Amino acid sequence: MARLLPEGTAPPPSIPPAVFDAAQRRIRALERLDMRALAAELGVGRATLYRWVGSRDALLGEVFWWRARHSHARSLRVSAELIGRDRILTAYSGFLTAAQQDPSLHRFLAAEPEVAMRVLTSRAARVQAGSLAVFEALLAEEADAGRLRLPVERSALAYVIVRIGESFLYADVIAGRDPDVDQAVRVVGQLLGA
């Protein structure tokens with residue numbers, strides 16, 4: 001699994017552990033990540049906190065990528081005994097289902113939709129970039145072993161798979177529609193063929 005999730009599930013080494021733990025606790029408690037309150041809790045000035053983490057978006061990105069890595073790790077374990085298309089779809093479904101059931105993600109999307117889209121889905125977003133890397137590595141492993149024929153170039157397919165997931169998972173924010181993870185899995189299943 002290490003080759004599919006090279007960062008593992010440890011907290012990011014670039015952020016002081018006390019900062020990451022406090023931010024993670026606030027997110028898990030369904031609270032807004034307020035940098036002034038976080039700095040006060042840690043007993044430092046806001047300028048110091050920003051120097052440590054870069055920006056609020058960067059800290060949010062690290063927290064949600066850490067949470068996403070845990071979801072990826074669980075779905076990769078569940079799919080480990082499968083091969084080819086079944087393995088990809090099981091890992092994909094598991095990851096999207098975990099995201100759909102995450103109350104902290106729902107709170108973030110509902111309370112701060114523009115920030116959430118920037119942190120979760122922009123080109124520089126840790127969650128999107130990390131998920132792309134996970135699915136590209138998974139596709140490579142299955143294709144290189146001869147267990148899956150890719151209909152298009154691997155990195156393009158990984159990008160499409162992740163974007164389809166985002167489109168259906170965040171449909172309420174993006175298009176005012178109900179999220180539909182099952183539909184995302186069906187569409188990706190069609191892409192991967194029989």
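Consider a paramagnetic label point 7 Å from the Cα of R3 along Cα→Cβ; state which residues of the stretch 68-82 have an amide N under 19 Å from it.
73-82
With n ≥ 4 as the cut-off for DSSP H runs, can you work out [θ] at 222 nm for the chain, using -39500 (n - 2.57) per run divided by the number of residues, rounded to the nearest 500? Don't jump to the answer; show the numbers that get you there.
Details: 11 runs with 139 residues, N = 194.
My calculation for the chain gives -22500 deg cm²/dmol from helical runs alone.
What size of dipole, in debye to the nearest 20, comes out for the stretch 76-152 about its Cα centre when the only charges are +1 on Lys and Arg C-beta atoms and -1 on Asp and Glu C-beta atoms?
Here the stretch 76-152 has a charge dipole of around 80 debye.
At 0.36 nm per residue, minus the direct Cα-Cα distance, what do R123 and M35 gain on full extension? Give it in nm, one decimal, please.
29.3 nm
Quick check: Cα centre of the stretch 111-149 to Cα centre of the stretch 1-80, how many Å?
18
Run through the stretch 87-155 and list the trypsin sites (Lys or Arg not before Pro) located in a DSSP loop whose Cβ has at most 16 other Cβ atoms within 10 Å.
Loop-located and lightly packed - R123, R147, R149.
Using only the Cα atoms of the stretch 13-54, build the gyration tensor, take square roots of its eigenvalues as a ≥ b ≥ c, and label the shape rounded, prolate or oblate: rounded if a/c is under 1.5, else prolate if a/b is larger than b/c, else oblate.
oblate
To the nearest 0.05, what FRET efficiency results for V44 and A110 with a Förster distance of 25 Å applied to their C-beta separation?
The value I calculate is 0.25.
Note down the relative contact order for the chain as a percent, whole number, built from C-alpha pairs under 8 angstrom at least six residues apart. Please report the intermediate quantities before stating the final value.
Values: 206 pairs, mean separation 39.4, N = 194.
It comes to 20 percent, rounded to a whole number.
Mind giving me the FRET efficiency for R147 and A10? R0 is 30 Å, r the Cβ-Cβ distance, nearest 0.05 is fine.
0.50
None of the figures in this text is laboratory data; all of them are computed from the coordinates on show. Everything quoted here is computed from the prediction, not taken from an experiment. Backbone-built Cβ (ideal geometry, glycine too); neighbour counts: all protein chains shown.
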